[in-house]
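Presented below is the structure to which this report refers.
Read-outs throughout are calculated quantities, based only on the coordinates presented, and are distinct from any laboratory measurement. For clarity, every value in this text was computed on a predicted model and none was experimentally measured. Cβ placement follows ideal geometry from the backbone for every residue including glycine, while neighbour counts extend to all protein chains displayed.
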């Protein structure tokens, strides 16, 4: 009377297995959150580097170090447009810090709608630049893309030495 | 006994009054008077160049929703955050009630180069007058002429959100005594005309050192680390050093830095659009190309 019923060994084992599985699942989830936040920071830094490299090819034309070539413009503006499209998924909530140092400001997540609007604007400017076929239209289109980059970076990227 | 106690009390009151008088005296910056004004025909076009060189419009921009204010006019009122508090830079349009419409040349000169309001109180040095005191009087008068040529906007001034504002303004007076000891930029006749122009623009109107020179514990520019970068005044990230720019692989030569300052990120110079620098870059883009080149020449000479 008043005694706890003994758990049968099967139930106990099942409970134990469940607890272990749960702990393991949590650990995996935790690790994957950490890993994904780290990967996403690396991924977006890679995307920005790709944009930077493409921008260098385009600015060489603007600086008259290279001749205007619609094919080069299409290719590099295309790289930028694609990277900016990908960037829509590269700033998830919680990726304001990770094992890799990030220069993204927490303000991104305080007003994500504004950040997303700025990203979209930049993407549309890159798309417009991609189809520039004549030299006279190149400078102004590049300028608009540059201003879109500036506006987003000024608001959402920390300055660094 | 009672008399002795009264004497002590009286002495104490006297001492306190003397201390207060001394504080008031020390916190007062002597204003310039009319004799500081040279014979000069103001040139508003030169004033416009200085307006952009000083990025005046970037801090004195109109607050959102200011009545009839064109965003491009320096009607003031937009918040400017600093570690000391939030400031609302004043209305620089010639409105006679809320702007500088009634200011005399000498009042304007005292404001820009001495940090003194027309009523004699001290402006907080969020207004970078420690740099502007290096401007020539003629340039300041030209800037004044440019500002009064703009359309007037009614935009009342707003007190800053700083603890104990009136008392803090007295403290600013003491601070100025030390801050104004930092040597002014002096022309160097052994250098090119363009280097000297660049040095003047960087140190005077351009006030680059306000962010790029770290401050000491009294928030005064640390001469030993002149333009050598440091923590960002707004608290996020760091301000790059402007020294050894070529050695550090940032820019190839004067032509390269000139393009960077004129076009910034549009030409792939992606470092120039963080921490307020994109505004500065776009303001510099409005200077004559020779001025931007002069700035680049001066900066690349810093080792």
Can you tell me the equivalent ellipsoid semi-axes for the stretch B:1-118? Use √(5λ) from the Cα gyration tensor, largest first, whole Å. 43, 21, 12
Relative contact order of the stretch B:174-303 (C-alpha contacts under 8 Å, at least 6 apart) in percent is 26
Can you tell me how the stretch A:41-90 classifies by the Cα gyration tensor, rounded, prolate or oblate, using a/c under 1.5 as the rounded cut? prolate
When you take every Cα atom in the stretch A:40-134, what is the radius of gyration, and what is Dmax, the widest Cα pair distance, in Å? 14.9, 45
Computed over chain B: longest principal axis from alpha-carbon atoms vs helix B:137-148 long axis, angle to nearest 10 degrees, is 90
By the Cα gyration tensor axes a ≥ b ≥ c (a/c under 1.5 gives rounded; else a/b larger than b/c gives prolate, otherwise oblate), the shape of the stretch B:144-303 is prolate
At q = 0.19 1/Å the base-10 log of I(q)/I(0) from the Debye formula over the alpha-carbon atoms of the stretch B:138-231 is -1.15
Taking square-rooted eigenvalues a ≥ b ≥ c of the alpha carbon gyration tensor, is the stretch B:233-290 rounded, prolate or oblate, where a/c under 1.5 means rounded and, failing that, a/b exceeding b/c means prolate? oblate
Degrees separating the helix B:2-26 axis from the principal Cα axis of chain B, which is the longest one: 20
Working from the pairwise distances between different alpha carbons, so that the mean of 1/r is found and then inverted, what is the protein assembly as shown's Kirkwood radius in Å? 25.8
Largest first and in whole Å, what are the equivalent-ellipsoid semi-axes of chain B based on the Cα gyration tensor, each being the root of 5 times an eigenvalue? 36, 24, 20
Between the stretch B:116-145 and the stretch A:73-106, the Cα center-to-center distance that results, in Å: 43
Reciprocal mean inverse distance between Cα atoms of the stretch B:11-54 - Kirkwood radius, Å: 14.6
Geometric extent, Cα atoms of the stretch B:128-185 - Rg, Dmax (angstrom): 15.4, 38
Using a Gaussian network model of chain B with C-alpha springs under 10 Å, which one of B:275, B:85, B:77 is most mobile by mean-square fluctuation? B:85
Let me know the Kirkwood hydrodynamic radius for the stretch B:48-189, please, with Cα pairs as the basis and the value in Å to one decimal. 15.6
Which FRET efficiency value, to the nearest 0.05, is calculated for residue B:64 and residue B:271 with the Förster distance at 45 angstrom and r the Cβ-Cβ distance? 0.95
Count, for each residue of A:135-147, the Cβ atoms from other chains sitting within 10 Å of its Cβ, then give me the mean as a whole number. 2
May I ask for the percentage of alpha-carbon pairs in the stretch B:184-240 that lie more than 14 Å from each other? 58
How high is the relative contact order of chain B? Use alpha-carbon pairs under 8 Å, at least six apart in sequence, and give a whole percent. 18
Provide a whole-number value for the mean count of partner chain Cβ atoms within 10 Å of the Cβ atoms in peptide B:271-277. 6
May I ask for the angle, rounded to the nearest 10°, between helix B:165-179 and the longest principal axis of chain B, with both axes built from Cα atoms and the value confined to 0 to 90°? 60
